[in-house]
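Undergrad: A single structure is presented below for examination.
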Amino acid sequence: MRILLPAALLALSSLPAAAAAPVMQPGLYEITAQMVMKGMPMQMPASSFRRCITPQDIADGSAYARGRDNKDCTISHFKQSGNSISYDFSCVMQGHSSMVGRASGSSHASGYDMQTNGHFVPAMEGMGEFSQKMSAKRLGDCGK
């Protein structure tokens, strides 16, 4: 019985480490996004693209945003606690309009699932509010 007690204590002490959420791994990801425009009779089809995500992208939150090509978007209030992620975003669009909102979701070692809700300022041609679901799946390492 004395041998079992230290083994049981060792197993219990390692539970928090084993239960910690794995951090998303850098690599090549396929990202699928589905945008829904409130009040629009026809919705846009889902789109997919591939992106190489770096350790820096994961650290600053840009890994969880639609793409890195849009330099007119900023991420603020990025928070990651365990596998939960959230951030606010603001994108300057053509003309004087912008798109602002909040994204939240969860990540795991090989991807993420995010829900984005936002609105256009000012509303564009009757389009005011939108939501978007995004998911990412790791395909492997990035090509050199």
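The values are calculated or read from the model by the stated rules, or taken from the named source; none is laboratory data. Small disclaimer: the values here were computed from a predicted structure and weren't measured. Note that we place each Cβ from the backbone using ideal geometry, even for glycine, and neighbour counts take in every protein chain shown. Heavy atoms of the whole protein, side chains included, go into the accessibility calculation; ligands, DNA and RNA do not. Shrake-Rupley method; radii C 1.70, N 1.55, O 1.52, S 1.80 Å.
Undergrad: So in segment 92-103, with the set limited to residues that are open to solvent by less than 60 Å² (accessible area, probe 1.4 Å) and not in a loop (DSSP other than H, G, I, E, B), which one is farthest from I53 (Cα to Cα)?
TA: My answer is S98.
Undergrad: Please verify whether G61 is at pLDDT below 95, within 11 Å of the chain's Cα centre (by Cα), open to solvent by less than 80 Å² (accessible area, probe 1.4 Å) and at positive phi, treating the condition exactly as stated.
TA: In short, yes.
Undergrad: In addition: Identify, by number, the condition in (1) in contact (Cβ under 8 Å) with a residue 40 or more places away in the chain; (2) open to solvent by less than 40 Å² (accessible area, probe 1.4 Å) that H108 doesn't meet.
TA: For H108, the exception is condition (2).
Undergrad: Out of everything in segment 18-43 that is over 27 Å from H119 (Cβ atoms) and either among the polar types (S, T, N, Q) or in contact with a Phe, Trp or Tyr (Cβ under 8 Å, 6 or more places away or on another chain) (or both), what residue ends up being modelled with the lowest pLDDT?
TA: Only one residue tops the list, namely M24.
Undergrad: Just to be sure, is S86 open to solvent by 40 Å² or more (accessible area, probe 1.4 Å) and either among the basic types (K, R) or at pLDDT 90 or above (or both)?
TA: no
Conditions (1) assigned to a loop (DSSP other than H, G, I, E, B); (2) open to solvent by less than 40 Å² (accessible area, probe 1.4 Å); (3) farther than 17 Å from Q34 by Cα; (4) in contact (Cβ under 8 Å) with a residue 12 or more places away in the chain, marked per residue:
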residue: Q80; (1), (2), (3), (4): no, no, yes, yes
residue: S90; (1), (2), (3), (4): no, no, yes, yes
residue: T116; (1), (2), (3), (4): no, yes, no, yes
residue: E129; (1), (2), (3), (4): no, no, no, yes
residue: Q132; (1), (2), (3), (4): no, yes, no, yes
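Undergrad: Looking at segment 134-144, which of its residues are of a type outside the set (A, V, I, L, M, F, W, C) and either at negative phi or surrounded by 15 or more Cβ atoms within 10 Å (Cβ to Cβ) (or both)?
TA: Scanning segment 134-144 gives S135, K137, R138, D141, G143, K144.
Undergrad: Exactly one of these conditions fails for F120: (1) farther than 20 Å from F49 by Cβ; (2) open to solvent by 60 Å² or more (accessible area, probe 1.4 Å); (3) not polar (S, T, N, Q). Give me its number.
TA: Checking F120 against (1) farther than 20 Å from F49 by Cβ; (2) open to solvent by 60 Å² or more (accessible area, probe 1.4 Å); (3) not polar (S, T, N, Q), the one that fails is (2).
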